[in-house]
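Undergrad: Supplied in structure tokens, the structure appears directly below.
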Amino acid sequence: DAEAAPLDKLIGACQEYAVFCLSNGSFFNVLITSGSGRVDEPEPELEVNQIRNRIFGHLIQALDNVVDDEGSAADAEAALNRARILFYYMQGFVHTYNGSLESIDSLLERTLPIYNQGIRTLVAGMKA
């Protein structure tokens, strides 16, 4: 939604990530973690890492839009680290529920409100 507030866009993207990972079982491990390199590597050798880094760049930008940094060179590392913190949170959620015996629909209905609140809490701390 182009008209959505930056925080709503960020939460929507994070939610879609969680839904994708939980809905696609072990495939997300191949796509996200297998053979992974650093997200700050400028030109990774593996194409999958190039894709991951582009996706991570979108996460950095979406989070930066919420935190409202001025984007100075000194803040680039802080922006990267904030995105890492959010990604670690997202991965923790996914790994907690990956392989759950609960149906995906039931699981998401029960846990996504908590997940979204966690993102709001992280962002509030980053803004403070």
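What follows is calculated from the coordinates using simple rules that are stated; it is not laboratory data. Because the structure is predicted, anything quoted here is derived from the model rather than measured. Positions of Cβ are backbone-derived with ideal geometry, glycine not excepted, and every protein chain shown enters the neighbour counts.
Undergrad: As a check on your grasp of the helix formula, calculate [θ] at 222 nm for the chain: sum -39500 (n - 2.57) over DSSP H runs of n ≥ 4, divide by the residue count, round to the nearest 500.
TA: Rounded to the nearest 500, it is -24000 deg cm²/dmol.
Undergrad: OK, next. Return a whole-number percent for the relative contact order of the chain, with Cα pairs under 8 Å and 6 or more residues apart as the contact set.
TA: 35
Undergrad: Relative to the present Cα-Cα distance, how much length would full extension add between residue 84 and residue 98 at 0.36 nm per residue of separation?
TA: 3.0 nm
Undergrad: Output the Cα-based Rg and Dmax of the chain in Å, rounding Rg to one decimal and Dmax to a whole number.
TA: Cα only, the chain: 15.0, 46 Å (Rg, Dmax).
Undergrad: Testing the spin-label approximation: label points 7 Å from Cα along Cα→Cβ at residue 114 and residue 40. State their distance in nm.
TA: For residue 114 paired with residue 40, the spin-label model returns 3.3 nm.
Undergrad: Stokes-Einstein D for segment 30-91 at 10 °C, 1.306 mPa s, Kirkwood Rh over Cα pairs, in µm²/s? Let's see the in-between values first.
TA: Values: Rh = 12.2 Å.
Stokes-Einstein gives a translational diffusion coefficient of 130 µm²/s.
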